[in-house]
Amino acid sequence: MRPRVIMLFTIAAIVLGGFVLVPAAFARLGRDEPDAAPAPAASPSTSPSAEATTPKQNPTPRPTPDAENRTTLAAGPVEVDVDGFFGWALLDRATGTIAGSKNISATSSTESMIKIWLVSDYLRRAAERGEKPSAERLAQASTAIRDSNDDAAQSLYVAGGGDPVVTRMISICGLTDTKIGRSGWWSYTQMSPRDAVRLGDCVKKGTAAGPQWTGWVLNEMARVRGTTADKDQHEKSGGGRWGIIDGLPDEIVKRGVGIKNGWTRIGADGMWHLNCLAVADDWVLAVTTRYPIEYGLDYGANVCASVARQLVTQTPETKG
C-alpha cells in the first residue's frame with residue numbers, strides 16, 4: 001500500500017456489467033505436511049495456459065473405503081462480475097500446476113503484496129551473512145506484514161539495495177511475467193496472477209526467507225490484522241485482513257492460512273489497484289483487480305472473497 005488519502009465515506013456501488021466466465025481445468029490437491037522452516041526446493045513447473053495438468057507419475061489417489069472428505073481449494077470455473085481488470089490463479093502445491101483466468105499472465109502493480117518478499121529477502125540475506133537482525137529491523141519486518149506499514153517496508157527495501165531486491169525476487173522465485181514498473185518503487189512492480197502464486201509458494205516452501213526465517217514470516221502472514229473500515233485505513237499503513245480469507249470456511253482457516261494483500265486507490269490510471277494473496281499447505285491463491293475509485297475498498301475485497309468461495313471443494317483424503 002502506497003501513501004493514500006484516507007477515505008471519508010464508503011460508497012456501496014454495484015455496477016452491473018457482463019459476467020466474466022473464466023474456464024479452468026479441475027485438479028485435485030494433495031496435502032503437504034506443515035513445516036515451519038522447509039528446505040529450499042526447485043520452483044514448481046506450470047503449464048503455459050490456464051489449464052491445470054497432473055503429471056502421470058503422481059496420479060491422484062483413488063478413494064478407499066476408509067477415506068473421508070476434506071475441505072480444500074481446487075481449480076474450477078469462476079464467475080465474477082467485475083467492472084475493470086480481473087485475473088486469478090491457483091497453484092496446487094501437491095503437483096506444482098497452476099490454473100486460473102485466461103489472462104493469467106497479464107500484469108498489474110503489486111502494491112503491498114510484495115512486502116512479503118521485501119521482508120523475506122532481507123532476513124534470508126542477513127542469515128547468509130551470519131548476522132542476526134536487530135530488534136528494530138525485526139519490528140519493521142513484522143509491521144510491514146501485519147499492518148502493511150509503508151515506511152517499514154521502504155526501509156527494508158533500501159537496505160536490500162532498491163531495484164536489486166525486485167530483480168532477486170524474479171530470479172530466485174522463477175517469475176516469468178514480473179518486471180520493475182518504476183525504478184526505486186517497489187509498489188509499482190508489475191506482476192501477473194501466476195507469478196503471484198509462484199511468489200507465495202516461494203515463501204511457503206522456504207526459498208524466499210531461507211530455513212532460518214520461513215516459519216517466522218509465515219507466522220506474521222497468519223497474523224495480518226485490520227479491516228477495510230476507514231478507522232483501520234491510514235496514510236502509510238492499513239488493515240489488511242480481508243479478501244480471500246473471508247471466502248474460506250473455518251475448517252481451512254484453522255489449519256493455517258497466511259495472507260498479504262496490496263491496495264491503493266490512487267493508481268496511475270485513477271483506479272483502485274487491489275490484489276489478494278493467500279498461502280496454505282495445499283495451495284496458493286492470488287486475485288488481481290483494477291476498478292473505479294468510487295466503488296471503494298470493499299468492492300475489491302468482495303471480489304477476492306468470491307473467487308475463494310467458488311473454489312472451495314471437498315476432496316477425498318485417505319486415512320492412515
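The values are calculated or read from the model by the stated rules, or taken from the named source; none is laboratory data. Computed from a predicted structure; not experimentally measured. Don't worry about glycine lacking a Cβ; one is built from the backbone with ideal geometry, like all the others, and counts go over all protein chains shown. Note: accessible area is taken over every heavy atom of the protein model, side chains too, but ligands, DNA and RNA are not part of it. Shrake-Rupley method; radii C 1.70, N 1.55, O 1.52, S 1.80 Å.
Please report how far the C-alpha centroid of the stretch 189-210 lies from that of the stretch 127-183, rounded to the nearest whole angstrom.
Here the two parts' Cα centres lie 13 Å apart.
Where Lys and Arg each count +1 and Asp and Glu each count -1, what net charge lies around R290 among other residues with Cβ under 14 Å from its Cβ?
On the way: positive: R265; negative: D83, E111, D269, E294.
Spelling it out: positives minus negatives among the neighbours equals -3.
For the stretch 103-192, which trypsin sites (Lys or Arg not before Pro) pass both filters: DSSP loop (anything but H, G, I, E, B) and at most 16 other C-beta atoms within 10 Å?
Working: sites: K115, R124, R125, R129, R137, R146, R168, K179, R182; in loops: R129.
Loop-located and lightly packed - R129.
Between E128 and D269, what is the label-point separation in nm under the 7 Å Cα-to-beta-carbon projection?
Distance between label points: 3.5 nm.
Calculate, for K254 and A106, the FRET efficiency according to 1/(1 + (r/R0)^6) with r their C-beta to C-beta distance and R0 35 Å; round to the nearest 0.05.
Efficiency, from the Cβ-Cβ distance: 0.55.
Past the 32 Å Cα-Cα mark, which pairs from K179/K204; K102/K236; K102/K132? Before the final figure, lay out each step's value.
Working: K179/K204 22 Å; K102/K236 34 Å; K102/K132 44 Å.
Over 32 Å Cα-Cα: K102/K236; K102/K132.
Report the rotationally averaged projected area of the stretch 209-294 based on its alpha-carbon convex hull, in square nanometres. Don't jump to the answer; show the numbers that get you there.
Details: hull surface 27.5 nm².
Computed as one quarter of the Cα hull surface, the answer is 6.9 nm².
Taking the Cα centre of each part, how many Å lie between the stretch 72-98 and the stretch 256-277?
Using only Cα atoms, the two centres lie 17 Å from each other.
What accessible area per residue comes out for the stretch 84-168, rounded to a whole number of Å², with a 1.4 Å probe?
Working: 2710 Å² over 85 residues.
Heavy-atom accessible area per residue stands at 32 Å².
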